[in-house]
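This report concerns only the one structure given below.
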Amino acid sequence: MEETISIKDIFQTLKKRWKLITLLTLISVFISGAISYFLLTPVYQSSTQILVNQKQSKNQPDSSQIQSNIDMINTYSVIIKSPAILEKVIDELELEQSVDQLSHKITINSQENSQVFSLTVQDSNPSKAVEIANAVSGTFQKEIIDIMNVDNVSILAKAEIKENPAPVKPNPLLNIAVAMVVGLMAGIGLAFLLEYMDNTIRDQKDIETLLDLPLLGSVQKISQHK
């Protein structure tokens, strides 16, 4: 006979194991909070905006040239993170990191059919993030003339240090919320696992469910008298 679990059984299991569920949830929240606030290094970011637009002698823009500029952004994204640019930035700022390490701090984002793209730098020091972003964009603007033999790069907005910069990661509140959900689900899962493995017979219902036998009688609790 296949055993079925009712909603009442589920709530009884949760009620019975609520301490375990609560404990695992609190442990997850505590560990996540401790890691987010005390172990993970805050990371800040700063961005510049760059326009790719070939200087035109005509009054009306050339649509083919505009599309060419848009298509060129993909190529420029690779060049910006190449040794040809980053080695000069490392020397200029006297950074103690490799080209590969610096490249991983840089992200290029562009909107579809737009000649403008953003260069974002992440660093544990907010001032250093601004400094690197401006140095990379400035070096790229100078070097692209020799590399591609074009002069179509303009810096629309330089990176600036904010008065009270806030880290972009870690996000302690988000981490704690995720840890709470994970801890809660783990606690519920463990509660049902323990209930499934628990074969202890405590009452009439357990006898009928576990042994599949009818109850013929019961012995009342007998008080002991001296």
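The solvent-accessible area of Leu173, taken with every protein chain present and a 1.4 Å probe, is close to 130 Å².
Backbone geometry of region 70-77 corresponds, through the Karplus equation with coefficients 6.51, -1.76 and 1.60 at θ = phi - 60°, to 3J(HN,Hα) couplings of 5, 5, 6, 4, 4, 5, 5, 4 Hz, x marking Gly and Pro.
For Lys169, the residues whose amide H sits under 5 Å from its own are Val43, ignoring neighbours fewer than 5 places away on the same chain, with H placed 1.01 Å from N.
Excluding ligands, DNA and RNA, the accessible surface per residue across region 48-147 is 55 Å² with a 1.4 Å probe. Taking the Cα centre of region 43-191 as origin and assigning +1 to Lys and Arg Cβ atoms and -1 to Asp and Glu Cβ atoms, the resulting dipole is close to 400 debye. Charged neighbours of Phe11, selected by a Cβ distance under 14 Å, balance to +2 (K, R count +1; D, E count -1).
Between Val153 and Asn53, the built amide H atoms are under 5 Å apart, and every one of these is 5 or more places off in sequence or on another chain.
Summary of the geometry: region 159-184 and region 25-39, compared by the centres of their Cα atoms, lie 13 Å apart. Whole-Hz Karplus values for region 107-118 come out as 10, 10, 10, 9, 8, 4, 6, 10, 8, 10, 9, 10 Hz, taken residue by residue from phi with 6.51 cos²θ - 1.76 cosθ + 1.60 and θ = phi - 60°; glycine and proline positions read x.
Residue ranges 43-52, 128-137 sort as 128-137, 43-52 when ordered by packing (mean number of other C-beta atoms within 10 Å per residue, highest first). Pairs of Lys residues in region 1-155 are counted when their Cα atoms are under 18 angstrom apart and they lie 8 or more places apart or on different chains; the count is 9.
For Asp100 and Val150 in one chain, what is 0.36 nm times their gap in residues minus the Cα-Cα distance, to one decimal in nm?
On the way: separation 50, 0.36 × 50 = 18.00 nm, distance 2.64 nm.
Fully extending the segment from Asp100 to Val150 adds 15.4 nm.
For region 71-168, a/c is not less than 1.5, where a ≥ b ≥ c are the root eigenvalues of the C-alpha gyration tensor, and a/b does not top b/c. That puts it in the oblate class.
The values are calculated or read from the model by the stated rules, or taken from the named source; none is laboratory data. This is a predicted model, so every value here is computed, not measured. Here the Cβ is made from the backbone with ideal geometry for all residues, glycine too, and neighbour counts use every protein chain on show. Keep in mind that these areas ignore ligands, DNA and RNA; they rest on the heavy atoms of the full protein, side chains included. Shrake-Rupley method; radii C 1.70, N 1.55, O 1.52, S 1.80 Å.
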